[in-house]
1. What do the square roots of 5 times the Cα gyration tensor eigenvalues come to for the range 275-339, in whole Å, largest first, as semi-axes of the equivalent ellipsoid?
2. Convert each backbone phi in the range 201-217 into a coupling constant with the Karplus relation 6.51 cos²θ - 1.76 cosθ + 1.60 (shift: θ = phi - 60°), then list the ³J(HN,Hα) values in order as whole Hz, x for Gly and Pro.
3. Which ³J(HN,Hα) values in Hz, rounded to whole numbers, follow from the phi angles of the range 123-139 under the Karplus curve 6.51 cos²θ - 1.76 cosθ + 1.60, where θ = phi - 60° and Gly and Pro get x?
4. Taking the Cα centre of the range 77-180 as origin, sum charge times position over the Cβ atoms of Lys and Arg (+1) and Asp and Glu (-1), and report the length of that vector in debye to the nearest 20.
5. Considering just Cα atoms, how many Å³ per residue does the convex hull of the range 1-106 enclose?
6. Tell me which of Leu405, Pro323, Gly223 sits at the most positive position along the dipole axis of the chain, charges placed on C-beta atoms (Lys, Arg +1; Asp, Glu -1).
7. Given contacts defined as C-alpha pairs under 8 Å and at least six residues apart, what's the relative contact order of the range 182-315, whole-number percent?
8. Note down the net charge around Arg122, summing +1 for each Lys or Arg and -1 for each Asp or Glu among other residues with Cβ under 15 Å from its Cβ.
Amino acid sequence: MADRKALAHLLRRATFGPTAEEVDAAERAGAVATLDALLNPPTADGGAARTPVPKLPPVMNAKTERAEQIRAVGSWWLDRMVQAEHQLHEKLTFFWHGHWATSADKVKSGPLMLGHQQTLARTALGDFGTMVRAMLRDPALIIWLDGQKNTVKAPNENLARELMELFTLGVGHYTEQDVREGARALTGWVVDTKTGTASLNPKRHDAKPKTILGRTADLDADGFAALLLEQPASPEFIARRLWLRYCSDAPIPQPTLDEAKRQPTTAAMLRVLLLADGHAELVKQPVEWLAGALRQLGLRPGELPDNQRKQLQSGLNQLGQVPLRPPSVGGWPAGAAWLTTSATQARLKVAQLLAGKAPQPVLDRLGAAPQGQRVDALARLLVVDAFTDRTRAALDPAAGDPRKLLALGLASPEYAIQ
């Protein structure tokens, strides 16, 4: 049987937050079989039926109606994260949201942001080239980076620059001339917000030859994408991004990078990285923290009263990470940025809300343990390897009150780490 601590670590990285029962199952199956099942689930995802894609009513140019649509999509997605049985796929979809960081603050459309999320989900596990081509046609991303303003008469460089710098190659693998020529390749795309589609207007497209990364041809969006994907820097860039978010903030070991970049799909690349040596502690992003806590407590945000769903959204806002609203095209920060004093206070406030809604069976599991062993029972419930002596000293006085104990455990430094 595999080491339980290592399996818990694997599941914390691959999912939004494993339950103790999921760790038990992994212990019986082993690390390789567990990861294979996460990457290639054997059954249909029943969570999809419980969280159907919302049907959003049309908006008649009303600011409040647009805001409500966007809020509805964000609430649906959080519910989906918790309910999804295919947890690796769901978490990877959110990773890609931070990679192709696109914000409703500028897009201002619930349907377009929902379409953006669906495109990420559809392409999350497959070959990266399919995702790049799909994103260059994504209406929300086009609006976010001013692609609809990019015409043969007035090229706009925003999308071309970020496509190379943040999405496919990274800094140092292109020149300013490549940006200018890349912008020409992306000219002509327009968005129909009523139908939620993007299309190429030939009259707005620059059909003349462009020279990008040393290649001269009549490149359009697909040709530009193909050229970028041919660069050795592209798979290395994606492998490093995945390593940073899933494995360690230290550089990826060269042998692991060499193996990862040879993989044909994101799923295969992620498998290499998750099984590799060299992992280090990572701080949970607020969405990871909240979705994991909801899963472990058996709480479904979609079934909470509307005021409490709004409290969860408010909590994420205070923590600095709200789905559909990344702060910039660079996405959200990582690491210690999430461990500020204000973030700790916000986590405790949300933790108290969650503990107050914890189902009775969860409280009974804590209460069934002898009082001197309840902190250990809490660690098992929250899939924490162990609490430090300092944290135990704070938790022990609350052992007689399961809800208080649970709130403190969710707000503990150990639970903030994966």
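The values are calculated or read from the model by the stated rules, or taken from the named source; none is laboratory data. Note that the structure is a prediction, hence the values are computed from the model and not measured. All Cβ positions, glycine included, derive from the backbone under ideal geometry; neighbour counts span all protein chains shown. Note: areas computed on protein heavy atoms with side chains; ligands, DNA, RNA excluded. Shrake-Rupley method; radii C 1.70, N 1.55, O 1.52, S 1.80 Å.
1. Semi-axis lengths for the range 275-339 are 24, 17, 9 Å.
2. 9, x, 5, 9, 9, 8, 8, 7, x, 10, 10, 10, 6, x, 10, 10, 6
3. These are the phi-based 3J(HN,Hα) values: 10, 4, 9, x, 6, 5, x, 4, 5, 4, 5, 5, 6, 5, 10, 7, x Hz.
4. Roughly 300 debye, rounded to the nearest 20.
5. Residue-normalised Cα hull volume stands at 115 Å³.
6. Of the options given, the answer is Pro323.
7. 14
8. Taking every other residue near Arg122 into account, the sum is -1.
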